[in-house]
Amino acid sequence: VAVERGARLASRDARAEDTSFTVGTVRIGGGGLVVCAGPCAVESEEQILSVARFLRGVGADLLRGGAYKPRTSPYSFRGLGREGLLLLARAREATGLPVVTEAIDEESLELCEQHADVVQIGARNMQNFALLRRAGRGKLPVFLKRGMSATLDELLLSAEHVLNEGNPRVILCERGIRTFSTHSRYTLDLSVVPAAQEATHLPIFVDPSHATGKSRRVASMALAAAAAGAAGVMLEVHPRPGEAMSDGSQAMAPAAFASLVSELRAIASIRTTATETLR
Ligand code: PEP
Ligand code: MN
């Protein structure tokens, strides 16, 4: 019975080699470290274009930004919607950076498919099975974030819903879980990286921005994720963090992000050498 409930397609048993695919010219899951960065939410044309140009300049691989924001409070900024998607498409045009953005329901997913390159399903929707299955019938790779109280097995079963509908391009993302710890927004479960690599062939990213909730703690956890062998990191960067309309306290300022990227590249190159030596 346990076997019947397990993730068949997502499991390492189903496929020994790592899943790897490209988004634009960016290879995901091929052993390199992918840096996905951008603001929590798209706020204006000036904001997204300036941050995208900056990110391109310092060597980020993918641009993130929410047009549809799932918010705990109904009074918080919920994103620019379709207008936000159009601004993201403009930022991609200006920089060449492929766009990762979140869909919160089937309607926004359809619009994401028209304007973005990767569709994110966020922590709060990790078990929205209708949405997962719709993404599984869609044509975009899916960036699937771990629910804040979900186990690795549950994350893999959510990925299984996408794979099972015929879409093999799923990226998993650890973004922190709820524990008794109160020093940080969530607890970054970094040991899920090697655990996921044993259990599945799908690439796993780490998002230390939502996990720590504090911009000054993001760099150390991003570097730790790179050292742990994550396929990529997702980082929130805002041109003026103090003015951000969502998640400002965890947004890195451009200068801090620029130095983090060079440190991440240095760690990734050591990691590649180490892996080659092990072979
Ligand atoms: C986000 O990426 O902005 C986001 C809402 O993330 P999560 O679903 O992990 O909270
Ligand atoms: Mn956010």
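Tabulated results
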read-out: 222 nm mean residue ellipticity, helices alone, for the chain (DSSP H n ≥ 4; -39,500 (n - 2.57); rounded to 500); value: -12500 deg cm²/dmol
read-out: Extension gain from GLU17 to HIS183, taking 0.36 nm per residue of separation minus the Cα-Cα distance; value: 55.9 nm
read-out: Area of GLU46 that stays accessible when all protein chains are in place (1.4 Å probe, Å², to 10); value: 100
read-out: Cα gyration tensor shape for region 1-144, rounded if a/c is under 1.5, else prolate or oblate; value: oblate
read-out: Nitroxide proxy distance, nm - points 7 Å out along Cα→Cβ at GLU243 and SER50; value: 0.5
read-out: Mean shadow area of the chain, taken as a quarter of the surface of its Cα convex hull (nm²); value: 14.1
read-out: Accessible surface, 1.4 Å probe, highest first, among residues SER191, SER246, SER76; value: SER191, SER76, SER246
read-out: Protection proxy ranking, peptides 60-67, 207-214, 111-118, average beta carbon neighbours within 10 Å, highest first; value: 60-67, 207-214, 111-118
read-out: Spatial extent of region 182-279: Rg and Dmax, with the Cα atoms as the point set, Å; value: 14.3, 48
read-out: Top of VAL26, VAL100, VAL119 by mean-square fluctuation, Gaussian network on the chain, Cα under 10 Å; value: VAL26
read-out: Loop chymotrypsin sites (Phe, Trp or Tyr not before Pro), region 1-97, which have at most 16 other Cβ atoms in a 10 Å radius of their Cβ (DSSP); value: TYR75, PHE77
read-out: Pairs of alpha carbons in region 172-222 whose separation is greater than 16 Å (percent); value: 39
read-out: Relative contact order of the chain, defined on C-alpha pairs under 8 angstrom at six or more residues apart (%); value: 19
read-out: Nearest-10 value in Å² for the accessible area of PHE129, using the 1.4 Å probe; value: 90
read-out: Distance in nm between pseudo-label sites at LYS214 and SER149 (7 Å out along the Cβ direction from Cα); value: 2.6
read-out: Net charge over other residues, Cβ less than 10 angstrom from the Cβ of PRO141 (K, R count +1; D, E count -1); value: +1
read-out: Accessible area in the full protein assembly, largest first, 1.4 Å probe, for THR272, THR19; value: THR272, THR19
read-out: LEU140 accessible area, assembled protein chains, probe 1.4 Å, Å²; value: 20
read-out: Per-selection Kirkwood Rh - region 104-249 (Cα, Å, 1 d.p.); value: 15.7
read-out: Fluctuation leader among THR101, THR187, THR25 - the chain, Gaussian network, Cα springs under 10 angstrom; value: THR25
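The values are calculated or read from the model by the stated rules, or taken from the named source; none is laboratory data. Source: prediction; values computed, not measured. With ideal geometry, Cβ positions are generated from the backbone for all residues, glycine too; neighbour counts draw on all protein chains shown. Calculation scope for accessible area: heavy atoms of the full protein, side chains included, ligands and nucleic acids excluded. Shrake-Rupley method; radii C 1.70, N 1.55, O 1.52, S 1.80 Å.
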